[in-house]
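A.B. asks: What follows is a structure written as structure tokens; I'll ask about it next.
No value in this document is a laboratory result; all are computed from the given coordinates. A quick note: this is a predicted structure, and the numbers were derived from the prediction, not measured. Virtual Cβ from ideal backbone geometry, glycine too; neighbours counted across all protein chains shown.
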Amino acid sequence: MSATLSLRQVWWHASRPATLAASVSPVILGVAVAAHLGRVNWYLALAALGVAVALQFGVNYANDYSDFRRGADREGRLGPPRAAASGLVPPRLVLAAAVASFAVAAVLGLLLAALTSWWLVALGAVCILAAIGYTGGPVPYGYRGYGELAVFIFFGLVATVGTEYVVSGRIDLLALLAGILPGSLAAALLMVNNLRDLETDRAVGKRTLAVILGARGAFRAFLVMVGISLCVPLLIAIPGIEHFTVFLPWLLVPVLEAPVRNASSDDPQVQIRALKQMGAILLFSSILLAVGIWTG
């Protein structure tokens, strides 16, 4: 399939655009929480968004490189082509793209730390190490079933709370609760991806959570993750935001039927559609919750 694609298209697919919602969503929510509780520094918010997107590109290119080196992206794999495995891009260039992305995130992170607090340097270093360690390093935790947990923590709780702190100088329980929504949906997004790759991952010894649980167990875990995201408006309303708009994400409940049905399919091509649909649900549900918090 990759032979019919241009080099630019291969790079674009390698960036895994369906996953970019995972980096944008918690920033939107962190800004919304800060705006609800006080003032927002929009320049710092833009820089925080840059850090999140650069980290997402970095982890995607790093995964592309590491999976190729470990033989996970072998011939016969379904889904969008990977840059290193396509044969059109030298693996060293994919690694260089990952390093460059992490460097951009580091520079923007240092700027934010200089303008806010230097403890953000340590947090940024942990985030970069976690991104590299997902499929890279001597003991990649993504090969041991911890990928979804890491995504929930870093692309949910840490990113949302960190954004609120950067743009407002404070940390509140509301940001932590709000971060559960993008974290759980990002984990569900990863679970769909791993469901699609279950057989090929199992064949090369890549023990994702989907491989450990099996197809049926992984789908049930996916449903739990989606269910957790739907509970977030209730969790937020209980502490005191008594405004109906925090329940705006529930408007997307009817739309969930399609990705849930597609994720339960045994056809990897159908599961690819679920992956794209879950990326859209992650982004729009986060936007709706952000609107609800901001106006609550």
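A.B. asks: I'd like the orientation of helix 173-196 relative to the chain: the angle between its Cα long axis and the longest Cα principal axis, in ° from 0 to 90, rounded to 10.
C.D. replies: Tilt of helix 173-196: around 20 degrees.
A.B. asks: Still on this model: Kindly give the semi-axes, whole Å and largest first, of the ellipsoid equivalent to the chain, taking each as the square root of 5 times a Cα gyration tensor eigenvalue.
C.D. replies: 31, 24, 15
A.B. asks: With a cut-off of 8 Å between alpha carbons and a minimum separation of six or more residues, what is the relative contact order of the chain in percent?
C.D. replies: Computed over the chain, the figure is 24 percent.
A.B. asks: Related question: For residue 103 and residue 207, what does the FRET efficiency come to when R0 = 35 Å and r is the distance between their Cβ atoms, rounded to the nearest 0.05?
C.D. replies: Taking R0 as 35 Å, the efficiency between residue 103 and residue 207 is 0.65.
A.B. asks: If you don't mind, there's one more thing I want to ask. For helix 119-133, report the angle its Cα long axis makes with the longest principal axis of the Cα atoms of the chain; keep it between 0 and 90° and round to the nearest 10°.
C.D. replies: Once rounded, one gets 20 degrees.
A.B. asks: Could you list 171, 128 so that the one with the fewest beta carbons within 10 Å of its beta carbon is first and the one with the most is last?
C.D. replies: 171, 128
A.B. asks: Helix 268-295: angle to the longest alpha-carbon principal axis of the chain, degrees 0 to 90, nearest 10?
C.D. replies: Around 10 degrees separate the two axes.
A.B. asks: Counting Lys and Arg as +1 and Asp and Glu as -1, each charge on the Cβ, what is the dipole of the chain about the Cα centre in debye, to the nearest 20?
C.D. replies: It works out to roughly 520 debye.
A.B. asks: Hey, fewest Cβ within 10 Å first, where do 243, 36 land in order?
C.D. replies: 243, 36
A.B. asks: Further question on the same structure: Quick check: residue separation of residue 243 and residue 144 times 0.36 nm, minus the Cα distance between them. What number comes out in nm?
C.D. replies: Taking residue 243 through residue 144 to full extension adds about 31.5 nm, to one decimal.
A.B. asks: Let me ask something additional. For each of 164, 199, count neighbouring Cβ atoms within 10 Å of the residue's Cβ, then give the residues from fewest to most.
C.D. replies: With the fewest neighbours first, 164, 199 line up as 199, 164.
A.B. asks: Further question: Among 198, 169, 117, which residue has its Cα positioned farthest towards the positive end of the charge dipole of the range 67-204, with +1 placed on the Cβ of Lys and Arg, -1 on the Cβ of Asp and Glu, and the dipole taken about the Cα centre?
C.D. replies: With unit charges placed on the Cβ atoms, the residue in question is 198.
A.B. asks: Full extension from residue 37 to residue 255: what is 0.36 nm times the residue separation minus their Cα-Cα distance, to one decimal in nm?
C.D. replies: Extra length available between residue 37 and residue 255 comes to 75.4 nm.
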